[in-house]
Amino acid sequence: MTEPLDFDTLAVRAGIHRSQFNEHSEALYLTSSFVFENAAQAAARFAQEEPGNIYSRFTNPTVTAFQERLAALEGGEACVATSSGMSAILATCMSHLKSGDHIVSSSAIFGATVQLFTNILSKFGLETTFVDGMAPQDWRGAMQPNTRLLYLETPSNPLTDIADIAALAAVAHEGGALLVVDNCFCTPALQLPLALGADLVIHSATKYLDGQGRVLGGAVVGPQKLTEPVLAFLRTAGPTLSPFNAWVLLKGLETLRIRMQAQSVNAAELARWLETQPAVTRVYYPGLPSHPQHALAKRQQSGFGAIVAFEVAGGREAAWRVVDATRLISITANLGDTKTTITHPATTTHGRISAEARARAGIGENLLRVAVGLEGVADIKADLARGLAV
Ligand SMILES: *Cc1c(COP(=O)(O)O)cnc(C)c1O
């Protein structure tokens, strides 16, 4: 293909390498290993003197196709696919950090990522300092001489705080650290962290990249010199993406931008409507002019995404009433699906962190998070209106 191609063209065309059968749709290579012509070829492949597949823990053509397509969409040189979003984060830390290193992380990140940093990596001599909020001076203040990695999600989960990626990349690089951005909420359809100075982008492909709630997957995208150690870790440790899941994700990428755009339109409409509801005391959505970082979101993102959080008058009881009155929306902590989902963060995704940490992060008992899907927005409103009626 001749560069540069449009995002929409790359989404359906990047990563295609047709086989001898010249198939039109991407082939699914459901095989664990590959056959060599002779002993010499086997030796050359293992010695990495000849390119080619050996074993699907190392590489697989369907997984490679997914990696090439996602790298093209993120504007990254290379991509390494993993079995899940969590294994993408684990592989990044295991390959770029060593005992005695220090991580600075946003406190407003996916719950399992907090646990990975605090309960697992800490056992291997990796210490993490969590920062509340996205102010660059707070991040600079949390850095130590041994800080090697800064980690964030933007917009944050669930309160949609926006981090200034370029400013935090400068902070990271001043201190000799990498900036790693989990781009799960925006996806490359709405935000390109590498172009803003991030060193690596993380994905839970399970969310919007699949977009239809079918498979688990993850990815790490960035310059080859930074993805190569991640691949080396995966080859040895094993949490690689299955070829079947890669094939599903390849097809997911083809509709990513139009899904993100349509779901963002729905989310914006829902957010505006929620702001007018008497039982709703606050709405968090980067697309609303009332959002404290609306201007930054507008500059940094090409759309505002499909996650809307809001607080209701009252406490847990009032919030649960909204959840329990739904008939259409799925009550599940998952997000990034064509089907709208609702969750009560304080007792689900953020239920295992201390009440004090939750309060510091601003996650109240009256907070709800909706990941808006592709249903008619009037139906989504009606489903929420029932529980909001006072
Ligand atoms: C779901 C999620 C993850 C973890 O991904 P899995 O595919 O479930 O392992 C990481 N980061 C964010 C922002 C997520 O939403």
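What follows draws every value from the coordinates through simple rules; no lab data is involved. This one's a predicted model, so the numbers in the text were calculated from it and none came from an experiment. Virtual Cβ from ideal backbone geometry, glycine too; neighbours counted across all protein chains shown.
Data overview
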| item | result |
| --- | --- |
| Computed Rg/Rh of region 257-388, alpha carbon atoms with Kirkwood Rh | 0.95 |
| Residues with amide H under 5 Å from that of Lys339, placed H, sequence gap 5 or more | Leu374 |
| Rg ratio (alpha-carbon, reference 2.2 N^0.38 Å) - region 1-159 | 1.34 |
| Cα pair distances of region 116-245 binned at 5 Å [whole percent] | 2, 9, 17, 21, 22, 16, 9, 3, 0 |
| Among Val131, Ala271, Pro61 the positive-end extreme of the charge dipole of the chain (Cβ point charges) | Ala271 |
| Region 40-102 and region 137-161: distance between their alpha carbon centers, rounded to Å | 26 |
| Relative contact order %, the chain, counting alpha carbon pairs below 8 Å whose residues are six or more apart | 17 |
| Table column - 3J(HN,Hα) (Hz), region 215-221, Karplus curve with 6.51, -1.76, 1.60, x for Gly and Pro | 10, 8, x, x, 7, 10, 10 |
| The chain: DSSP helices with Cα axial extent of at least 30 Å and average Kyte-Doolittle hydropathy no lower than 1.0 | none |
| Note, ³J(HN,Hα) from phi for region 11-28, Karplus 6.51, -1.76, 1.60, rounded to Hz, x at Gly and Pro | 4, 10, 10, 5, x, 7, 10, 6, 7, 4, 8, 6, 4, 7, 6, 4, 6, 9 |
| Net dipole in debye of the chain [+1 Lys, Arg Cβ; -1 Asp, Glu Cβ; about Cα centre; nearest 20] | 620 |
| Qualifying aspartates and glutamates (Cα of each under 13 Å from Cα of Lys123; at least 8 residues distant if same chain) | Asp101 |
| Nonlocal amide H pairs with Thr240, under 5 Å, H built at 1.01 Å | Ser83 |
| Cross-link pairs beyond the 25 Å C-alpha cut-off, checked among Lys98/Lys251; Lys251/Lys298; Lys98/Lys225; Lys98/Lys207; Lys207/Lys381; Lys225/Lys251 | Lys98/Lys251; Lys251/Lys298; Lys98/Lys207; Lys225/Lys251 |
| Exposure proxy ranking, count of Cβ atoms within 10 Å, fewest first, for Phe58, Phe233, Phe244 | Phe244, Phe58, Phe233 |
| Residues Asp132, Asp6, sorted so that the one with the fewest Cβ neighbours within 10 Å comes first | Asp6, Asp132 |
| Amide H contacts under 5 Å for Thr281, placed H, 5+ residues apart | Glu311, Val312, Ala313 |
| At 1.567 mPa s and 4 °C, Stokes diffusion of region 71-136 via Kirkwood alpha-carbon radius, µm² per second | 98 |
| Sparse-neighbourhood loop sites, trypsin sites (Lys or Arg not before Pro) in region 1-96 - DSSP loop, at most 10 other Cβ within 10 angstrom | Arg18 |
| Cβ-based charge dipole, region 7-253, positive-most Cα from His102, Val230, Pro188 | Val230 |
| Residue among Ala14, Ala27, Gln115 farthest towards the positive dipole end of region 7-253, charges placed on Cβ | Ala27 |
| Percentage of interatomic Cα-Cα distances in the chain larger than 30 Å | 40 |
| Which of Asp324, Asp210 has the fewest Cβ neighbours within 10 Å, and the rest in rising order | Asp324, Asp210 |
| From phi via Karplus (6.51, -1.76, 1.60), per-residue ³J(HN,Hα) for region 276-291 in Hz, x at Gly/Pro | 8, 7, x, 7, 9, 9, 7, 10, 10, 7, x, x, 7, x, 6, 5 |
